[in-house]
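Novice: One structure, pasted below without further comment.
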């Protein structure tokens, strides 16, 4: 274990040095508040308490600070790791300012929605513990928003190979893990589960409808639909319900309706584009297609057996030796036995050899004294001219 700690520390310092001021500042504040928690109850003063969030107390500053408060060292590691992942994966695509806006939107939205949920629970049960005994703090809400953003940009990336888990399934898997931890008693409160759920939801709403980029606002692509976060068996039902909710939100002008845009001034032809079809998404799909094509070509090349140059040269030599051998044992070609017919006054006439001449030609001896067998090839002789 001691052998890997210096390597991990070196990689962490290198990653921290390559990040922006926003990432470094958030990480430093998380560490400082953790050290301060040894002397002061930071979860009470800076965390969201549902009874103090709403009037008459109205502790609104806790909506900004609750995502930076940690009480345990593993919480500090999770918080700093989440921020570092944003700096390495999302900040090059968005920029430091957009990352800071996303951090603020997710944390504030998660704090408001979680506090409102506990307030409604108190209205239903009249239990004051849901108002004043609950503390909402930590990086759970921001972690949910970050996983949703990574699903949007790197959804096809494989996280685990055995079993094969892709990044697009990470938000649902982490939610299931937190639910199991709560049911098993390892989590003493439902606050992390609620904060994570609302953080993921608020991050999706912001990225889906409100984030500004080069092609306009939001991401209305099919792979980032709300139903894509659920298993395929329930996606049709979830998609229908999400469509009804979206239609209702469009009527009250909370969300905008998806529209098509036509670029008539394009130089070649009409270009049809949908909001959210970012060039980065197209580049990601192109890289995946090229990778699949290269793997298929490599597989075909491995299965093909290419002949060697030596085998081709031996085949050429055999063909040359075969062509140079005579067709008949006597060394004469069959073409030499054919003779042109004489042309008389009445025209050219052909006559086949008589049996006697065929037998004579078959029994003729070669100059070397070897008698060749009788040939079955028909020869032509000059016909006698008629007077």
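The values are calculated or read from the model by the stated rules, or taken from the named source; none is laboratory data. Since we're looking at a predicted model, the values are computed, not measured. Using ideal geometry, Cβ is built from the backbone for each residue, glycine included, and neighbour counts are taken over all protein chains shown.
Novice: Test of understanding: among 202, 214, which residue is more than 21 Å from the chain's Cα centre (by Cα) and either farther than 20 Å from residue 178 by Cβ or surrounded by fewer than 21 Cβ atoms within 10 Å (Cβ to Cβ) (or both)?
Specialist: On inspection, the qualifying residue turns out to be 214.
Novice: Looking at the structure I just gave you, is residue 100 out of contact with any helix residue (DSSP H, G or I) (no Cβ under 7 Å at 6 or more places or on another chain) and either at pLDDT 95 or above or within 30 Å of residue 217 (Cα to Cα) (or both)?
Specialist: When the stated conditions are applied, residue 100 does not pass them.
Novice: Exactly one of these conditions fails for residue 232: (1) under 26 Å from the mean Cα position of the chain (by Cα); (2) modelled with pLDDT under 80. Give me its number.
Specialist: All conditions are met except number (2).
Novice: Those residues that are assigned to a loop (DSSP other than H, G, I, E, B) and surrounded by 12 or more Cβ atoms within 10 Å (Cβ to Cβ), I need them from the stretch 218-246; list them, please.
Specialist: Selection gives 218, 219, 220, 221, 225, 230.
Novice: For the stretch 73-167, list the helices (runs of 4 or more DSSP H) that sit wholly inside it and hold at least 2 residues that are free of Cβ contacts under 8 Å to residues at least 60 places away in the same chain and over 24 Å from residue 30 (Cβ atoms); which are they? Even if it seems obvious, please write down each step before you answer.
Specialist: Numbers: elements: 73-85, 91-94, 96-125, 129-132, 140-154.
Here the list reads 96-125.
Novice: For a quick check of your reading: which helices (runs of 4 or more DSSP H) sit entirely within the stretch 1-56 and have at least 3 residues that are surrounded by 11 or more Cβ atoms within 10 Å (Cβ to Cβ) and modelled with pLDDT of 90 or more?
Specialist: Counting at least 3 such residues, we get 21-36, 42-45, 50-53.
Novice: Another one. Restricting attention to the stretch 157-171, and to residues there that are within 18 Å of residue 231 (Cβ to Cβ) and out of contact with any helix residue (DSSP H, G or I) (no Cβ under 6 Å at 6 or more places or on another chain), which single residue is surrounded by the fewest Cβ atoms within 10 Å (Cβ to Cβ)?
Specialist: Restricting to residues being within 18 Å of residue 231 (Cβ to Cβ) and out of contact with any helix residue (DSSP H, G or I) (no Cβ under 6 Å at 6 or more places or on another chain), the top hit is 163.
Novice: Also, quick follow-up: Tally the residues that are assigned to a helix (DSSP H, G or I), in contact with a helix residue (DSSP H, G or I) (Cβ under 6 Å, 6 or more places away or on another chain) and over 20 Å from residue 154 (Cβ atoms), restricting the search to the stretch 180-201.
Specialist: The qualifying residues number 6.
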